[in-house]
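Enquirer: Dropping a structure here in structure tokens format, bear with me for questions.
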Amino acid sequence: MDTGASKTNHTLRAAVALAGFLALCYGVAALGGIATSSSVNTWYTEIEKPSWTPPGSVIGTVWSVLYSLMALAAWLVYLRGGVRANAIPLSLWAVQLALNLAWSFLFFGLRNPGAALVELVLLWIAIAATTIAFARVRTSAMILMLPYLVWVAFAGFLNAAVWLMNRG
């Protein structure tokens, strides 16, 4: 029999977990923002970019939504048994989050679109693996990861175009 105190404790743990996943995602966003800010108004404005490059405001808005979706997806997986029961999917999630951060440092921090492109391929693979692992736990978590997977594919094409346009 589930008591009121037990339900309250479960609800509190769930809320803390959601806050933790959101904090991780937005912590990565903040760290990536530090790397990005080192070049976005200098080097990035000077390099050639394809005509279909979205404006910075669109990119920022999309990433804000995506970080929320990936946090929510991880949380939904967590709710199905916790970290121990979902060690592989949540570990994959952590790996893709670390790779997400690394891209900002490679592209903007080191101003190296070629290295960033190689890393972005690894990121896309990690997101795909996470999405598949999440699908095995909770379909809704997989669905929440799909926009991220699509956006990173688009970012890969954009990254490749920037690299090709600025080689030499």
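The values are calculated or read from the model by the stated rules, or taken from the named source; none is laboratory data. Quick caveat, the model's predicted, so the values are computed rather than measured. No Cβ is skipped: glycine too gets one built from the backbone with ideal geometry, and neighbour counts run over all protein chains shown.
Condition check ((1) among the small types (G, A, S); (2) farther than 18 Å from L72 by Cβ; (3) touching a residue at least 40 places away in the same chain (Cβ under 8 Å)) across all residues:
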residue: S104; (1), (2), (3): yes, yes, yes
residue: G114; (1), (2), (3): yes, yes, yes
residue: V118; (1), (2), (3): no, yes, no
residue: T139; (1), (2), (3): no, no, no
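Enquirer: Where the second residue is of a type in the set (G, A, S) and in a helix (DSSP H, G or I) and the first is closer than 13 Å to M70 by Cα and lies in the stretch 123-135, which pairs have Cβ atoms under 7 Å and are six or more apart or on separate chains?
Expert: F134/A73; F134/A141
Enquirer: Looking at the stretch 79-96, can you tell me whether even one residue there is closer than 23 Å to A23 by Cα, out of contact with any helix residue (DSSP H, G or I) (no Cβ under 8 Å at 6 or more places or on another chain) and of a type in the set (S, T, N, Q)?
Expert: yes
Enquirer: For V28, which of the numbered conditions (1) under 13 Å from the mean Cα position of the chain (by Cα); (2) β-branched (V, I, T); (3) loosely packed, with under 13 Cβ neighbours inside 10 Å fails to hold?
Expert: The one condition V28 does not meet is (3).
Enquirer: Same structure, new question: For the stretch 86-97, does any single residue satisfy the condition of being of a type outside the set (V, I, T), in contact with a Lys or Arg (Cβ under 9 Å, 6 or more places away or on another chain), touching a residue at least 40 places away in the same chain (Cβ under 8 Å) and more than 21 Å from I125 (Cα to Cα)?
Expert: No: the stretch 86-97 contains no residue that is of a type outside the set (V, I, T), in contact with a Lys or Arg (Cβ under 9 Å, 6 or more places away or on another chain), touching a residue at least 40 places away in the same chain (Cβ under 8 Å) and more than 21 Å from I125 (Cα to Cα).
Enquirer: Then there is this: Those residues that are closer than 15 Å to V152 by Cα and outside any helix (DSSP H, G or I), I need them from the stretch 53-81; list them, please.
Expert: The answer is T53, P54.
Enquirer: Something else: Quick check on the stretch 41-57. Is at least one of its residues among the charged types (D, E, K, R), in contact (Cβ under 8 Å) with a residue 40 or more places away in the chain, over 30 Å from V137 (Cα atoms) and surrounded by 11 or more Cβ atoms within 10 Å (Cβ to Cβ)?
Expert: Scanning the stretch 41-57, I find at least one residue that is among the charged types (D, E, K, R), in contact (Cβ under 8 Å) with a residue 40 or more places away in the chain, over 30 Å from V137 (Cα atoms) and surrounded by 11 or more Cβ atoms within 10 Å (Cβ to Cβ), so the answer is yes.
Enquirer: Could I ask something else about it? Mind checking whether some residue in the stretch 112-133 is modelled with pLDDT of 95 or more, surrounded by fewer than 22 Cβ atoms within 10 Å (Cβ to Cβ) and either of a type in the set (S, T, N, Q) or not in a helix (DSSP H, G or I) (or both)?
Expert: yes
Enquirer: Continuing with this model, one more query. Can you tell me which residues in the stretch 58-93 are over 19 Å from A35 (Cβ atoms), surrounded by fewer than 14 Cβ atoms within 10 Å (Cβ to Cβ) and of a type in the set (G, A, S)?
Expert: Residues satisfying the conditions are G81, G82, A85, A87, S91.
Enquirer: Right, next: Could you give me the residue pairs with C-beta distances under 8 Å whose first residue belongs to the stretch 157-168 and is farther than 16 Å from E46 by Cβ, whose second residue is of a type in the set (G, A, S) wherever it lies, and which are 6+ apart or on separate chains?
Expert: Qualifying pairs under 8 Å: N159/A116.
Enquirer: I'd like the full set of residues that are β-branched (V, I, T) and in contact with a Lys or Arg (Cβ under 9 Å, 6 or more places away or on another chain), limited to the stretch 76-85.
Expert: Residue satisfying the conditions is V77 alone.
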